[in-house]
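The values are calculated or read from the model by the stated rules, or taken from the named source; none is laboratory data. These figures come from a predicted structure and were not determined experimentally. Ideal geometry is used to build each Cβ from the backbone, glycine not excepted, and the neighbour counts take in all protein chains shown. Heads up: the accessible areas ignore ligands, DNA and RNA and are worked out on the full protein's heavy atoms, side chains in. Shrake-Rupley method; radii C 1.70, N 1.55, O 1.52, S 1.80 Å.
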Amino acid sequence: MDLVAKGHIQEARTFFNSFRENHEMMHQRDLQKLEGVLSPSHLEEMEFAHSLRQRKVNIKICQYSYELLLQFLHKSQSATVLGIINEHINFQVSPGQPSSISDDAEAVTLTGSSLDSANQINQKEIHWGLLEDSLEERLDKAEALDSEKAEGESKEGDRNENKKKLSEGAKQGASNKKLKKDKAAGAAKSARPEATPVTAVPRVKPELTLPVISAALPSVSFYTFINTHNGINCSSISHDGSMVAGRFSDSSLKVWDVAKIGQQSLDSLQVENGTTTSSEQVLSNGGKKPYTLFQGHSGPVYSATFNPLGDFILSSSADSTVRLWSTKLNANLVCYKGHNYPVWDVQFSPVGHYFASASHDRTARIWSMDRIQPLRIMAGHLSDVDCVQWHANCNYVATGSSDKTVRLWDVQTGECVRIFIGHRSMVLSLAMSPDGRYMASGDEDGTIMMWDLSTGRCVTPLTGHTSCVWTLDFSGEGSLLASGSADCTVKLWDVTASTKLPRTEENKSGNTSRLRSLRTLPTKSTPVYSLRFSRRNLLFASGVLSKTV
């Protein structure tokens, strides 16, 4: 870049081609950007090149390698090389033996970032614990415990009464048994009305989670889109798996009811003046297709998310807007305007009502359903914000960006409380563990990293996919991580085994694969767009059939 700035274009091109192969493994995306720098004006216009020239690159090196480098510089007495190192490189010397670069996520941090400011931000205190139960839930639990005690006392009373009656004699045994049955039935009837108000059947059924055992991995239900003609951008699945949404390049959003797939309605819809009275598509034979069409955006739809109950859906588009739709009314309710450029991702909070959006304008914004203006604007990324994810306690929002970093934001203040540095390409997917302690992020190169939110450091890097990781999700109890990729595979990873063993002990034992892969589930020719664990740990997945096999 210095040669280009001084006008030596040909010499700069020769220098670039000579040393390019040495850096392709870790900086392939950066080299592709720098390859287009052909004049001094390009250097001024490209922010990435400007940051490279103004800031230092942080390189992690062990003590032994650092001493060898110093000996080489003193013996060779190369003032030019020494000047370049002092001007552009900041070495972080770590004790211990040399380790593989591919195994250490912090070997070379994001170029152009200030590590000191990142470390200062990561010192802030965060509360990653889950929220306490609401007052209503605590009262329900207390009433349930009281009812259990009452039932236990009644049973004990019945047992004592039975023992007394049995001791009276064998002659009155038959009559005593009758009385026992009658009184037990009467006691049960008197106890029933007290127990009925505290039974929470609607809450218990959907929220029961089943433990996942490695010997019996969760079942996977895969939805495949066919005949899309390269028009679908992505897909999403509702929390209970009953609905699947597809986002299309023709600015439409289609929602499928899984129960209606493969069925045709026997009742024909009334058609007046060539238009239908419902938003569902009508076939020529009078039946209707099993999807609902939502139209309103003026550009390609890039993201969609269901609220926890499934009665609302949010969509984001290239027209820089976010729209709220009702799956009950099949209509658009609100159009949220605030971003200035395409909105790449939108996600409902775990409790609904609030949602977050990520945009090309390098910001993420927090909204509420009842306000058309954003409540918080979170700015700090150096490039597009590609994905967004809520923390389990709703106090924090994580964002992944094309600047290869992940940031954690405080919802109440809008400040950045963590910066996660270690990815070597743009971050495309995020997932939070149910206990709120860990976060997983996937990038364009197929690498997944598990982060500890309390320290801001990478617990374990995970390599296994050969292409973009588009979706991640934790199981209900947090023991499994599922990842879906453009390499047409779904991978299941053991999370508990990786987080129990400290990283220092793993380095001593020489174990480089800190996250154990339980199983790889390949598709025939379907890149995996979205994954969703249900509350009972059934894994739903969706993708689009690709023509290339």
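Of the cross-linked pairs 254/547; 33/491; 524/547; 56/124, those separated by over 20 Å at the C-alpha level are 254/547; 33/491; 56/124.
Residues of the stretch 352-383 with backbone nitrogen within less than 18 Å of a virtual label 7 Å along the Cα-to-Cβ line of residue 415, please, listed as ranges. What the label zone holds, given the 18 Å backbone N cut-off, is 376-381. Annotation: residue 529 carries an accessible surface of approximately 30 Å², with a 1.4 Å probe and no ligand, DNA or RNA atoms counted. Using a simple spin-label model with pseudo-atoms 7 Å out from Cα toward Cβ, residue 457 and residue 547 lie 5.0 nm apart. Placing a label point 7 Å from the Cα of residue 81 along the Cα-to-Cβ direction, the residues of the stretch 1-24 with a backbone N closer than 19 Å are 15-16, 18-23. The modelled label-to-label distance between residue 6 and residue 519, using points 7 Å beyond Cα along the C-beta direction, is 6.2 nm. Stretching the chain fully between residue 309 and residue 371 yields a gain of 20.3 nm (0.36 nm per residue, less the alpha carbon separation). Stretching the chain fully between residue 330 and residue 31 yields a gain of 102.9 nm (0.36 nm per residue, less the alpha carbon separation).
Pull out a ≥ b ≥ c, the square roots of the eigenvalues of the alpha-carbon gyration tensor of the stretch 330-477, then state rounded if a/c is under 1.5, prolate if not and a/b is larger than b/c, and oblate in the remaining case. Prolate, because a/c is 1.5 or more and a/b exceeds b/c.
Legend: calculated FRET efficiency, residue 535 to residue 94, from the Cβ-Cβ distance at R0 = 56 Å, rounded to 0.05, equals 0.85.
For residue 23, the solvent-accessible surface computed with a 1.4 Å probe is close to 90 Å², ligands and nucleic acids excluded. The simple spin-label model puts a point 7 Å past each Cα toward its Cβ; for residue 125 and residue 216 those points are separated by 4.4 nm. When all protein chains stay in place, what accessible area (Å², nearest 10, 1.4 Å probe) is found for residue 344? Number for this one is 70 Å².
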